[in-house]
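These notes are about the structure you will find just below.
Every number here is computed from the coordinates shown, using simple stated rules; none is lab data. Note that this is a predicted model, so its numbers are computed, not measured. Cβ sites come from the backbone with ideal geometry, for glycine too, and all protein chains shown count toward neighbours.
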Amino acid sequence: MLVAYKRWLIAVVVLMLILAVAALVGVQYWKRLLLAPLLHQDDVVYELKSGLGANQVLGQLHEQQILQDSWPLKVWLKLYPQNALLKAGEYNLPAGINSYELIEILASGQSIQYQITLPEGWTFQQALDQIQQHPKLSIKTADLTDQQIMQKVTGVAETNLHPEGMFFPDTYQFHKGVTDLQLLKRAYQKLQSVMAEEWGKADKSKLPYQSAYEALIMASIVEKETGAPEERGRIAGVFVTRLQKQMRLQTDPTVIYGLGDAYQGNITRKHLKQMTPYNTYRIPALPPTPIALPGREAIHAALNPEQDGSLYFVARGDGSHEFNRTLAAHNRAVREFQIYKRKKNYQSAPQTTQAQ
């Protein structure tokens, strides 16, 4: 009886040792699988879509031949569920990473970033066209009117705010899946922030504006008139002085904006006589809205004009201007730069190009 018991005990011990060794070998094999490089030989982009659980993600990675087997990671995530909090987005998966590094990337939230640039001086329509053409943005504005876009951007259901000039020109980073409305909201909020900062620092007692919005209108005109950045303050000074003297601004960019699609590249005497709300050769004040997206420098210039008594300026043809205090001097400058010395590559205002 005692001999049989001893044999049974030895058999149990041996079995337990075999199971322990098998378990140890299994654990080592499991760890080797987790540490082994994934299957892809080149960097790949994987999109983790919102709403997917960790097991679904691992199944997709196996189907896309990134993971050889999904079970090692499933076991690991069962043991350490805090690591299963994966975040939606597009991720770059470098070649040579292992399973631990894969999960670290997918849980980081550091998805691939794209960018779009809205240049200073563009109109709202140019900016909207650029945004709607970006392949990585989710487009929600295609069937919306300008008013509906502004209602969604501002969160005010009954707003009649005109979109022109209300979006800050800048380069914006975003990840795939962001909507055009979300991007526009960021640009709108940044414009509000910049305007509030510049308006707050300005000496309003010396300015002819009744509101920050009027200053924004002026900034948009300065943006369109300025070919040489260092002249923004002086150009703003001319326009502010003219407003203070109750003179018409007589600036071509506002006329062009008011013409819309009727403008074909050349401004004529007929255009200058045509009555529109934006023709500052006809109206004795600022136009009703901005005419473009003004940058911070133009906004700062509109609120901090350099007034030296000049009432006129004329383009020299290289982007810079000749400033004068009297009409006689201005007329001489017009004859010199726009008649006698007019260049083939004549440029009276900044040129904006399609951004990438």
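For region 37-54, give me each residue that is closer than 14 Å to Leu102 by Cα and either among the basic types (Lys, Arg) or not in a loop (DSSP other than H, G, I, E, B) (or both).
Correct list: Val44, Val45, Tyr46, Glu47, Leu48, Ala54.
Which pairs turn up if I take residues in region 116-135 that are buried (at least 17 other Cβ atoms within 10 Å of the Cβ) and look for partners that are of a type in the set (D, E, K, R) with beta carbon separation below 6 Å, at least 6 apart in sequence or on another chain?
Hits for this filter: Glu120/Glu223; Gly121/Glu223; Gly121/Lys224; Phe124/Glu164; Ile131/Asp180.
In region 153-169, which residue that is free of Cβ contacts under 8 Å to residues at least 60 places away in the same chain and surrounded by 19 or more Cβ atoms within 10 Å (Cβ to Cβ) is farthest from Ala212 (Cα to Cα)? Lay out the reasoning, then the answer.
Our first condition is that a residue be free of Cβ contacts under 8 Å to residues at least 60 places away in the same chain; within region 153-169, this holds for 153-161, 163.
Still in the list and also surrounded by 19 or more Cβ atoms within 10 Å (Cβ to Cβ): 153, 163.
Values: Val153: 19, Pro163: 15 Å.
The residue in question is Val153.
I'm checking my understanding of the structure. Among residues of region 227-285 that are within 29 Å of the chain's Cα centre (by Cα) and of a type in the set (Gly, Ala, Ser), which one is surrounded by the most Cβ atoms within 10 Å (Cβ to Cβ)?
Ala236
Quick check: is even one residue across region 301-310 in contact with a His (Cβ under 6 Å, 6 or more places away or on another chain) and not in a loop (DSSP other than H, G, I, E, B)?
Among the residues of region 301-310, not one is in contact with a His (Cβ under 6 Å, 6 or more places away or on another chain) and not in a loop (DSSP other than H, G, I, E, B), which makes the answer no.
Pairs under 6 Å by beta carbon, first residue touching a residue at least 60 places away in the same chain (Cβ under 8 Å) and farther than 10 Å from Pro290 by Cβ in region 218-236, partner in a helix (DSSP H, G or I) and of a type in the set (Lys, Arg), six or more apart or different chains?
From region 218-236, the pairs are Val222/Arg232; Thr226/Arg232.
Determine, yes or no, whether Ala329 is among the small types (Gly, Ala, Ser), within 16 Å of Ile235 (Cβ to Cβ) and surrounded by 14 or more Cβ atoms within 10 Å (Cβ to Cβ).
No: the conditions fail for Ala329.
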